[in-house]
Amino acid sequence: MPSRLRSRLHVPKPPARPGNKSDFSYLKLQPAGAQPKPDVRISAQATLPLATGLVRVLDDNHSAVGAWDPHLEPEVLQAGLRHMLLTRVFDERMQRTQRQGRISFYMRSYGEEAVSVAQAMALRPGDMLFPSYRNQGLYMVRGRPLVELMCQLLSNTRDMCKGRQLPVMYHWRQGNIFSISGNLTTQFPQAVGWAMAAAIKGEDHVASTWIGEGSSAEGDFHAGMVFAEVYQAPVLLNIVNNQWAISTFQGFAGGEKSTFAARGPGYGVPGIRVDGNDFLAVYAVTQWAADRARKGGGPTLIEHVTYRAAAHSTSDDPSRYRPKDEYLSWPLGDPVDRLKEHLIAQGAWTEERHAALTKELEDEVGASWKAATQYGTLNEGPRLDPDLMFEDVFKDMPAHLARQRDQLRAERG
Amino acid sequence: MPSRLRSRLHVPKPPARPGNKSDFSYLKLQPAGAQPKPDVRISAQATLPLATGLVRVLDDNHSAVGAWDPHLEPEVLQAGLRHMLLTRVFDERMQRTQRQGRISFYMRSYGEEAVSVAQAMALRPGDMLFPSYRNQGLYMVRGRPLVELMCQLLSNTRDMCKGRQLPVMYHWRQGNIFSISGNLTTQFPQAVGWAMAAAIKGEDHVASTWIGEGSSAEGDFHAGMVFAEVYQAPVLLNIVNNQWAISTFQGFAGGEKSTFAARGPGYGVPGIRVDGNDFLAVYAVTQWAADRARKGGGPTLIEHVTYRAAAHSTSDDPSRYRPKDEYLSWPLGDPVDRLKEHLIAQGAWTEERHAALTKELEDEVGASWKAATQYGTLNEGPRLDPDLMFEDVFKDMPAHLARQRDQLRAERG
Amino acid sequence: MAKMNMIQALNSAMDVMLDRDPGVVVLGEDVGYFGGVFRTTDGLQRKYGEHRVLDTPISELGIVASAIGMAVNGLRPVAEIQFADYIYPGYDQIVSELARLRYRSAGEFYAPVTIRTPCGGGIRGGQTHSQSPEAIFAHICGIKVVMPSNPYDAKGLLISAIEDDDPVIFLEPKRLYNGPFDGDPDKPAVPWSAHARGEVPEGHYTVPISKAEIVRAGRDATIIAYGTMVHVAEAAANALGLDAEIIDVRTIVPLDAETLCESVKRTGRCLIVHEATRFGGFGAEIAATVQEECFWQLEAPIGRVGGWDTPYPHAFEWEYFPGQKRVASALEALMSAS
Amino acid sequence: MAKMNMIQALNSAMDVMLDRDPGVVVLGEDVGYFGGVFRTTDGLQRKYGEHRVLDTPISELGIVASAIGMAVNGLRPVAEIQFADYIYPGYDQIVSELARLRYRSAGEFYAPVTIRTPCGGGIRGGQTHSQSPEAIFAHICGIKVVMPSNPYDAKGLLISAIEDDDPVIFLEPKRLYNGPFDGDPDKPAVPWSAHARGEVPEGHYTVPISKAEIVRAGRDATIIAYGTMVHVAEAAANALGLDAEIIDVRTIVPLDAETLCESVKRTGRCLIVHEATRFGGFGAEIAATVQEECFWQLEAPIGRVGGWDTPYPHAFEWEYFPGQKRVASALEALMSAS
Ligand SMILES: Cc1ncc(C[n+]2csc(CCOP(=O)(O)OP(=O)(O)O)c2C)c(N)n1
Ligand SMILES: Cc1ncc(C[n+]2csc(CCOP(=O)(O)OP(=O)(O)O)c2C)c(N)n1
Ligand SMILES: [Mg+2]
Ligand SMILES: [Mg+2]
């Protein structure tokens, strides 16, 4: 290999590394209200401006403006604020318990709470959700008791996963939330299959699925897009572009020369790029896409522009690969703050109520934690029965697993 | 499942099934010369009209018109005609030998000859080709002796694959043509890797790869697109949309609501949709994309609109799933006829010369066949040594394979 | 009872299940209008409509994934992978998702998907239309693996698979589609209509998953085989005039080790025959289990016959295929060991 | 000689090869700027530039496929798959392409790609960060499979793998990254610096692929193991005071059956230990081969110890892991059989 030649390979570079000043000038932004809201029967091609632009509702003065304003009642917004705040308080507390060694692992959704919360609120309870590991807000909206989530994190005797999954890999059949996989992007085409079945059965439900922008590079993304387009499946396909996939920025997933939403029209699927930190915009876009799907219009690809404010997980240290305080200069702000300011500007909220709500939620989380740890922690009893390890591999336990169960019993004495 | 509800699943339907009149009204066409030819430094987004339109050069009067006319010398066109005709004559003859039971399997490229021939001519010998099984024209242009191709088809003692591959699964290291895989689409991201290496080495070569429109549904397509965009790899990514993938029409690959070329801009990759039966248009588009790649502009996605005039393979009977004579109403005509008529209109060809050329090529193919069969056929000797079966699994034969080779020797007595 | 070849028997199984259970859907490349490249789904779309018998895009990943999603939404998908050699793009969805879903969700979610796929060689298909990948599924916990050797079993096992709430990989030895095959390609082809197991009931019946079958009782040795190799083994034993017990494994997971070991304990000698490459093949698991359970009764090392550890080469099909000669010489070695 | 843990040894192997051969490139998710989630490629991008140490999109399919293309264009890619549990999306490119290229093109094309990937459990990773998938590669002809058990071997074998013109799957038992692990999680961690095999030359050297190593000679039984289990087996044998011969397989394909069988012929007893699920695991191939070659010398059935045939559950890590107790009771059964 002649080393005198200069490589012509293009290597994407994030705008800033540790020690540099943060720089988000690469982000194509638009002011709130700039995007018109088309009829849901619009063709995929005609959504291109939506897919390359940015749907925003909340402006810099905390007002809701433009065609995408969903005109939600203050009670709905207050509920949204509560769910987002609960998500954040929950995340912070669980992060701390991990640092204390009481759970083995945790992943926060800090800075991205609007995505899950606004979307879950805009969907119906019968709609089926296929989340990634960073969508805990869905559980808050659908009302799963915190204790049950915590018991999963603790792998204790009430763990919904019976000790089999890493923390945060929840599922909830009754609440129509699918089981989270450790393998990225697999849920994306599965959601399409679920939606195809809803269509085959002539039912009115839609499916919604979430992946990170990094995960969109997997082949599963493509399979999901192609099947969704071919069968016009009633499904919301969400890419949460939080700018980072562990240590690689969104340019390594293909975000340099196009937006992720713009892939939609290429496939014949409408695409919308939305300010993922704008509760109202996310709500409106979700409502629009769900309405479209229910009316037989098929799938919509939604890119949520947001920022992963926390580390990837408790195993990660982002100060090794990006400026420590990058989140402070994120141009789309904080989703909780923005909704709070909007409510205050509307006269439907105060700093005092906010402080009180925060305290209330912290207490709720604290009390739930206390309750959850009664059922055991990873290191302290009571513990799940190890016999459970051999169940649910198959519906009925085959002979060789029964033998191994007995062998383990003997081993444990 | 309540069977009284009506399914809302959309199921793509081809315009015509056996017994129906052919109908190509779904095809979005444009007249020759309609598309402007942009500078190769154009952004991916700006290629959208090229990706949804249709680049054509040869008009209905057999003239070359518009900005994409590559202005080729008559000698070049005559060479192109010869290669296409040779491809066709070769295909026809091999089809017949299969029917006579002398080779086990064959796949023709009838109706699609312009794609491989014009592209191979527009590229340089040092450019690396990653074909599918329907690109035999590449071999004609690069000049591999027909006897060598035939020996592969015969799996005889001079088979380049040493008896290991199905017919048509050629390769040619010296001619820079990669080994064909039975597994669809795998070559697509491999070509991108090859191009990345060329860029890393600072070399000037480009890679070019071909898949069918049906094959574009595989995850490998997506990986190829993402890697090509991220690293701006110097590669031509060709989708040969011949309307059919065995029995399913292009709507089942996602062609109903968008073009295949239009996926390019979605990914941030320029896309061009070209009349695949127009030698001049294919040539020009290829030249443009290769020039772009060599100048550091990165990948181009090219959709060739053509028609699979023959059966999928000798194992297939298309009259079971499409009108028998559909090809006769294919609106983009026949690539050989069109180039021939263009040359005649230019005064650089005659019916007589065409007939003579046809005869010459038939004789050449006939003589090659005679020569090839000297080296054995699948059923008649001489045969390859079965010991070869155990070679090239690894570079050096490990002990267990040597033992198996000896065991087979004993078995054969 | 009707005469059916294996294709007709499989078609009949799907027909019966599409009719009985409105949740059953059939999907795959070319399976709908065309009826499949082997015609296994012929006529089903005409009968049940294009919303229950679906042509799909060419994406094995998408076929498996969408089937999982459909199954989670209450359907019972029967997915075809056109050739077993093309199942690998769907491998992650099978291994990480289909096989794991029940376990990781503690039983709340599960996906009763059946994946049918033609396997094995002997049809001049070359290395990408001849593979037998059962071992790479057998090692994955959470998925059942089945391979029939005749039309009667094929229909009964496929109905069992579709009715099973666990996912099933259903491998169809394509060389047996039209008739039994004893490994001799020069003999005239025999149709299933001339074979007892070509008698197949028209309606619903099941053959249980996880039960091996003693095809032929014998005292001198036990031959354990499945798929095409059951017939080859029988022919080889006959040619040697050996009183061998021949067992058709039928279900690879969960394996009916009891039936196998009980036989070997009686005969003291065991040969395992499969078409897949030998190294790391499923025969190794059988051999390891049999030697463990029957060590004290064994009179000779357990033999294994399989495909050579090379890809399946187009021109050397019959040198590659583990035919009667290879089985017979392994049997001779087995019987003479002492 | 320097003291290195396994991560440093692997890093050093890549460093040496990047330096010696301008065709060597390293690629994978997070391997570039960040240096890998286990820091195995730490510092390499800084030293060799971002055109030789590449961060990639999150697509294991794309990583393997692009590595194949690069290799065909004269480079020598070392690809990292972040966890072995995530290798399946690349399985088709590995099985159908990487492993087959040389064969199908009769040697004209080949792809000297090394795929490194951390495997095995014991780090509280749950079912998707703990798998040991060697068996699904061992069964695929055309690809070598290696698993080291200590820093010295890790570096020497990785250099051999990179220099090898055949593709190599290089499995790194991640529980051994920082120190030897004997299966007892309650004991304080021991660093490699306290172990003889933590002495690693800084420069270029190789450990040959396809050679097993007798880690400890012994007369009473042969324990065959690889990866983490070498250390567990040693501890279990010590605890029992058993004079066992312990063999580290090191290379799974091509298997050094000779060394294994020669030992078993001497000891007459054999236990095989691996971390992967037992059913259809690579231990089956070893057992099948050993019983075939050593039948007349065997004094007891060959034992196999592996992970249970379930996914690797987060909360039951140590009940799942085949630790000293499980190995010891298998050894006791092995020694008492008669
Ligand atoms: C198939 C697969 N490959 C790799 C990983 C390891 N991994 C876990 S999360 C992650 C990054 C995902 O980034 P992104 O999709 O952007 O989601 P985010 O974490 O930003 O929400 C990686 C590479 C995995 N879990 N699965
Ligand atoms: C991975 C894989 N899946 C399925 C097949 C079977 N198969 C061979 S060709 C083909 C159709 C391909 O159609 P298209 O890509 O449009 O190419 P064309 O034959 O029209 O040139 C199919 C499904 C295969 N070879 N590989
Ligand atoms: Mg991300
Ligand atoms: Mg096609």
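Of everything in segment D:26-37, what is under 19 Å from D:Q131 (Cβ atoms), touching a strand residue (DSSP E or B) at 6+ places or on another chain (Cβ under 8 Å) and at the interface with another protein chain (Cβ under 10 Å from one of its Cβ atoms)? Give them in sequence order.
Initially, segment D:26-37 is screened for residues under 19 Å from D:Q131 (Cβ atoms), giving D:28-29, D:36-37.
Then keep just the ones that are touching a strand residue (DSSP E or B) at 6+ places or on another chain (Cβ under 8 Å); that gives D:28-29, D:36.
If the condition is that a residue be under 19 Å from D:Q131 (Cβ atoms), touching a strand residue (DSSP E or B) at 6+ places or on another chain (Cβ under 8 Å) and at the interface with another protein chain (Cβ under 10 Å from one of its Cβ atoms), then D:E29, D:G36 are the ones that fit.
Note on segment B:92-120: residues that are assigned to a helix (DSSP H, G or I) and either surrounded by 24 or more Cβ atoms within 10 Å (Cβ to Cβ) or among the β-branched types (V, I, T) (or both) amount to 10. Within segment C:49-95, if we keep just the residues that are within 11 Å of ligand 2 (Cβ to nearest atom) and of a type in the set (S, T, N, Q), the residue that is nearest to the other protein chains (Cβ to nearest Cβ) turns out to be C:S59. For beta carbons closer than 8 Å, sequence separation of 6+ or different chains, a first residue in segment A:16-39 that is outside any loop (DSSP other than H, G, I, E, B) and a second that is not acidic (D, E), there are no qualifying pairs.
Contact annotation: residue pairs with Cβ atoms under 6 Å, 6 or more positions apart or on different chains, pairing a residue in segment C:157-169 that is without any contact (Cβ under 8 Å) to a residue 60 or more places away in the chain and among the hydrophobic types (A, V, I, L, M, F, W, C) with a partner that is buried (at least 24 other Cβ atoms within 10 Å of the Cβ) and assigned to a helix (DSSP H, G or I), are C:V168/C:A161. Among the candidates A:R164, A:R144, the residue that is under 20 Å from C:Q93 (Cβ atoms), part of a loop (DSSP other than H, G, I, E, B) and among the charged types (D, E, K, R) is uniquely A:R164. Here is a check on your reading of the model: is A:I200 more than 16 Å from ligand 3 (Cβ to nearest atom), of a type in the set (V, I, T) and out of contact with any helix residue (DSSP H, G or I) (no Cβ under 7 Å at 6 or more places or on another chain)? Yes. Confirm whether D:N73 is within 14 Å of B:Q190 (Cβ to Cβ) and touching a helix residue (DSSP H, G or I) at 6+ places or on another chain (Cβ under 6 Å). Criteria met by D:N73. Scanning segment B:187-218 for residues that are aliphatic (A, V, I, L, M), within 14 Å of ligand 2 (Cβ to nearest atom) and either outside any helix (DSSP H, G or I) or under 15 Å from the mean Cα position of the chain (by Cα) (or both) returns a single hit, B:I211. Sub-6 Å Cβ pairs linking a first residue in segment A:43-72 that is within 14 Å of chain B (Cβ to nearest Cβ) to a second residue that is surrounded by fewer than 20 Cβ atoms within 10 Å (Cβ to Cβ), at least 6 apart or interchain, are A:G53/A:Q30, ordered by first then second residue.
Rundown of residues vs (1) surrounded by fewer than 24 Cβ atoms within 10 Å (Cβ to Cβ); (2) farther than 21 Å from A:G126 by Cα; (3) among the hydroxyl-bearing types (S, T, Y); (4) within 8 Å of chain D (Cβ to nearest Cβ), yes/no style:
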position	(1), (2), (3), (4)
A:G137	no, no, no, no
A:R142	yes, no, no, no
A:P145	yes, no, no, no
A:S155	no, yes, yes, yes
A:R158	yes, yes, no, no
A:Y170	no, no, yes, no
A:G182	yes, yes, no, yes
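In segment B:343-370, of all residues being surrounded by 15 or more Cβ atoms within 10 Å (Cβ to Cβ) and either of a type in the set (A, V, I, L, M, F, W, C) or at pLDDT below 95 (or both), the one that is farthest from B:E75 (Cα to Cα) corresponds to B:W369. Would it be correct to say that D:K187 is within 27 Å of D:A237 (Cα to Cα), in the same structural domain as D:Q8 (by TED's automatic domain parsing) and touching a His at 6+ places or on another chain (Cβ under 9 Å)? Spelling it out, it is not the case that D:K187 is within 27 Å of D:A237 (Cα to Cα), in the same structural domain as D:Q8 (by TED's automatic domain parsing) and touching a His at 6+ places or on another chain (Cβ under 9 Å).
Table: residues versus (1) free of Cβ contacts under 8 Å to residues at least 24 places away in the same chain; (2) within 16 Å of ligand 3 (Cβ to nearest atom); (3) in contact with a Phe, Trp or Tyr (Cβ under 7 Å, 6 or more places away or on another chain); (4) assigned to a helix (DSSP H, G or I).
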site	(1), (2), (3), (4)
B:E75	yes, no, no, yes
B:L85	no, no, no, yes
B:F90	no, no, no, yes
B:R124	no, no, no, no
B:C151	no, no, yes, yes
B:N156	no, no, yes, no
B:V168	no, no, yes, no
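Within segment D:169-209, the set of residues being surrounded by 24 or more Cβ atoms within 10 Å (Cβ to Cβ) and within 30 Å of B:D396 (Cβ to Cβ) comprises D:I169, D:F170, D:L171, D:E172, D:P173, D:L176, D:V200. Looking only at segment A:325-339, decide whether some residue is in the same structural domain as A:I211 (by TED's automatic domain parsing), among the charged types (D, E, K, R) and at pLDDT below 95. Looking for residues that are in the same structural domain as A:I211 (by TED's automatic domain parsing), among the charged types (D, E, K, R) and at pLDDT below 95, one finds at least one in segment A:325-339, hence yes. Restricting attention to segment A:200-218, the residues being under 14 Å from A:L301 (Cβ atoms) and within 9 Å of chain B (Cβ to nearest Cβ) number 1.
Within segment A:401-413, the set of residues being crowded, with 19+ Cβ neighbours inside 10 Å and either within 10 Å of chain C (Cβ to nearest Cβ) or in contact (Cβ under 8 Å) with a residue 24 or more places away in the chain (or both) comprises just one member, A:L401.
How about segment A:309-346: which of its residues are within 19 Å of A:R99 (Cβ to Cβ) and within 14 Å of ligand 3 (Cβ to nearest atom)?
A:A309, A:A310, A:A311, A:H312, A:S313, A:D316, A:P318
On the given criteria, is A:Y327 touching a helix residue (DSSP H, G or I) at 6+ places or on another chain (Cβ under 6 Å) and in contact (Cβ under 8 Å) with a residue 60 or more places away in the chain? Quick ask: steps written out before the conclusion?
Details: touching a helix residue (DSSP H, G or I) at 6+ places or on another chain (Cβ under 6 Å): no; in contact (Cβ under 8 Å) with a residue 60 or more places away in the chain: yes.
Judged against the criteria, A:Y327 is not a match.
Can you tell me how many residues within segment B:336-366 are part of a helix (DSSP H, G or I), of a type in the set (A, V, I, L, M, F, W, C) and closer than 18 Å to B:L58 by Cβ? Give the steps one after another, and end with the answer.
Just the residues of segment B:336-366 that are part of a helix (DSSP H, G or I), to begin with: B:336-345, B:351-366.
The next check asks that each one be of a type in the set (A, V, I, L, M, F, W, C); those that pass are B:336, B:339, B:343-345, B:355-357, B:361, B:365.
So of that shortlist, the ones also closer than 18 Å to B:L58 by Cβ come out as B:336, B:339, B:343-345.
Within segment B:336-366, residues that are part of a helix (DSSP H, G or I), of a type in the set (A, V, I, L, M, F, W, C) and closer than 18 Å to B:L58 by Cβ number 5.
For segment A:244-257, state whether one or more residues are within 19 Å of B:G214 (Cβ to Cβ) and at pLDDT 95 or above. Looking for residues that are within 19 Å of B:G214 (Cβ to Cβ) and at pLDDT 95 or above, one finds none in segment A:244-257, hence no. Here C:K3 clears all of (1) under 27 Å from C:N150 (Cα atoms); (2) in contact with a Leu (Cβ under 9 Å, 6 or more places away or on another chain) except the condition numbered (2). Of the numbered criteria (1) touching a Pro at 6+ places or on another chain (Cβ under 8 Å); (2) closer than 22 Å to A:G255 by Cβ; (3) surrounded by 15 or more Cβ atoms within 10 Å (Cβ to Cβ); (4) not polar (S, T, N, Q), the one A:Y26 fails is (3).
The values are calculated or read from the model by the stated rules, or taken from the named source; none is laboratory data. These numbers come from a predicted model, not from an experiment. Virtual Cβ from ideal backbone geometry, glycine too; neighbours counted across all protein chains shown.
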